[in-house]
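Here's the structure, in structure tokens; my notes come after.
The values are calculated or read from the model by the stated rules, or taken from the named source; none is laboratory data. Given the structure is predicted, the values throughout are model-derived calculations rather than measurements. Here Cβ is always computed from backbone atoms with ideal geometry, including for glycine, and neighbour counts include all displayed protein chains.
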């Protein structure tokens, strides 16, 4: 979304929905609406008219009950968001309207009338006779009573359990048609009811049902992550100032995966102040640099949707467009080499970006010599600084971190006692390629000791 | 042109809710007993025009890179 008011509108609603009781009630509403829709899907597959109409009535019963329950539930909670307050007013008025009350009354009456339908079936060979039930004696009760005295103890139940399904075979359908003839008024009312209320579903209620899924799905996803102690916050959004920060942030998708695998999640902090615009992230491979870059992009994207974002406290920028430049496999179709492809893509990004855009770059120019990579990176950096936009640049070229007052160096750290171990912490400090040089040398057996050993051998 | 667009939107909604009331139809909620302030539009979009614009958007191309897909 591209204006702060729209983001705040959603943030307010999400904050209201953090009330567990309200969220539970909204989920119950959604569940009932799912059942109602399921009935309609089923109706489409049925062929007997009265069978269809019976399930239509059930669908309306659920709908009326759902509307009434939601109107009541919403009246019992304190709401602050403009969206939910307006919806509460709408549903309260709707549930109290003459039209809805008439639908409810008519539905209840019809259901009550249908429950008075009682009939008998006389089966003789392959003939079935259907007639009204006229208080004939129920012999099964008599039989049970007669044989009660012979009962010694609990016995095994040999009665077969007939499956209860929504379907109807042709015999049952024919019986239903005969029953309808026995009670013509009730079934005529059912016909009229279905025709009259064919479009019973209120458009606004249906829209609410559909839209609320956005919040419910996200908040449920987030709840799993919150349970392990990770924090979420509603960020301040700025459309002018580019001073952004997030404390205890993390990659949402990675955190979800790690929690599922019962692994721990590392949080990171960042901030940009004054003229700072560009994070230049350096450090050892597999040390969390790309994750940091993704986190920055995710935070901004999620914030622009009005969602709570990973972190204890955050202030983020309202961007117009978000561009990513991540490593791609060579595409044989475009007949371009990797370096050319990198250049074409970054050129397109710079051409489209504005001072309100965000660019996330991950390891660009890795396919050329270090000298060329430095030269090209500096040219791109000049353009980015000229645009005055926010950027995260993951690179192996340390000197990009000191390019200007607009760049901030962030470094992936290792365990000091054992540089081969990554902490996945990305900290704001000068880039020092030496910090992990020993670890790399050890990994490839290139330390002084390793080399000496090899020469001896 | 506008009517055609409206009809296609309605058809799309009806694929999800077959018994949806037509915007022109007399709906149960249209005859309230008391005061009825039917100002609610959406819980996703503060303004209706935002909603119509956003509904047509596809997933952004950066989704894959940011692990959002």
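Structure notes:
- The sole residue among A:114, A:159, A:122, A:70 that is under 30 Å from residue A:21 (Cβ atoms) and either at pLDDT 95 or above or outside the structural domain of residue A:203 (by TED's automatic domain parsing) (or both) is A:70.
- Residue ID - nearest to residue A:298 (Cα to Cα), chosen from residues in region A:268-286 that are in a loop (DSSP other than H, G, I, E, B) and out of contact with any helix residue (DSSP H, G or I) (no Cβ under 9 Å at 6 or more places or on another chain): A:272
- Screening A:317, A:270, A:292, A:279 for residues that are within 14 Å of chain B (Cβ to nearest Cβ) and at pLDDT 95 or above leaves exactly one candidate, A:292.
- Looking across region B:46-59 at every residue that is more than 7 Å from every other protein chain (Cβ to nearest Cβ) and part of a loop (DSSP other than H, G, I, E, B), the one that is modelled with the highest pLDDT is identified as B:59.
- Some residue of region A:310-323 being buried (at least 17 other Cβ atoms within 10 Å of the Cβ), closer than 28 Å to residue A:414 by Cβ and in contact with a helix residue (DSSP H, G or I) (Cβ under 6 Å, 6 or more places away or on another chain): yes
- Residue in region A:408-419 that is at pLDDT 95 or above, in a strand (DSSP E or B) and within 20 Å of residue A:286 (Cβ to Cβ) present: yes
- Selection status of residue A:438, exposed (fewer than 12 other Cβ atoms within 10 Å of the Cβ) and either at pLDDT below 95 or in contact with a helix residue (DSSP H, G or I) (Cβ under 9 Å, 6 or more places away or on another chain) (or both): no
- Tally of residues being part of a strand (DSSP E or B), surrounded by 11 or more Cβ atoms within 10 Å (Cβ to Cβ) and free of Cβ contacts under 8 Å to residues at least 60 places away in the same chain across region A:109-128: 3
- Test: residue A:198 is at pLDDT 90 or above and either in a helix (DSSP H, G or I) or within 30 Å of residue A:255 (Cα to Cα) (or both): no
- For region A:383-396, the candidate set comprises residues that are outside any helix (DSSP H, G or I) and surrounded by fewer than 21 Cβ atoms within 10 Å (Cβ to Cβ); within that set, the residue that is modelled with the highest pLDDT is A:388.
- Within region A:72-103, tally of residues that are within 12 Å of another protein chain (Cβ to nearest Cβ) and either in contact with a strand residue (DSSP E or B) (Cβ under 8 Å, 6 or more places away or on another chain) or part of a loop (DSSP other than H, G, I, E, B) (or both): 3
- Residue check for residue A:420: over 36 Å from the mean Cα position of the chain (by Cα) and in the same structural domain as residue A:250 (by TED's automatic domain parsing): yes
- Among (1) within 12 Å of chain B (Cβ to nearest Cβ); (2) at pLDDT 95 or above - the single one residue A:43 does not satisfy: (2)
- Failed criterion for residue A:235 (all others in (1) crowded, with 23+ Cβ neighbours inside 10 Å; (2) over 30 Å from residue A:377 (Cβ atoms); (3) within 14 Å of chain B (Cβ to nearest Cβ) hold): (3)
- Selected residue [within 14 Å of chain B (Cβ to nearest Cβ) and closer than 20 Å to residue A:46 by Cα] from A:199, A:209, A:177, A:192: A:199
- Within region A:212-224, the set of residues being free of Cβ contacts under 8 Å to residues at least 24 places away in the same chain and more than 8 Å from every other protein chain (Cβ to nearest Cβ) comprises A:217, A:220, A:223.
- Check on residue A:106, surrounded by 15 or more Cβ atoms within 10 Å (Cβ to Cβ), closer than 19 Å to residue A:192 by Cα, more than 12 Å from every other protein chain (Cβ to nearest Cβ) and modelled with pLDDT of 95 or more: no
- In region A:328-373, the residues that are surrounded by fewer than 16 Cβ atoms within 10 Å (Cβ to Cβ) and either within 13 Å of another protein chain (Cβ to nearest Cβ) or under 18 Å from residue A:385 (Cα atoms) (or both): A:328, A:329, A:347, A:348, A:351, A:352, A:354, A:355
One line per residue, one yes/no per condition, for (1) free of Cβ contacts under 8 Å to residues at least 60 places away in the same chain; (2) farther than 30 Å from residue A:2 by Cβ:
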site	(1), (2)
A:374	yes, yes
A:398	no, yes
A:402	yes, yes
A:415	yes, yes
A:426	no, no
A:432	yes, yes
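- Single unsatisfied condition, residue A:259 versus (1) in contact with a helix residue (DSSP H, G or I) (Cβ under 7 Å, 6 or more places away or on another chain); (2) within 14 Å of chain B (Cβ to nearest Cβ): (2)
- Scanning region A:1-53 for residues that are more than 30 Å from residue A:301 (Cβ to Cβ) and part of a loop (DSSP other than H, G, I, E, B) returns A:46, A:47, A:48.
- Residue within region A:293-306 that is assigned to a loop (DSSP other than H, G, I, E, B) and either surrounded by 22 or more Cβ atoms within 10 Å (Cβ to Cβ) or not assigned by TED's automatic domain parsing to the domain that holds residue A:423 (or both) present: yes
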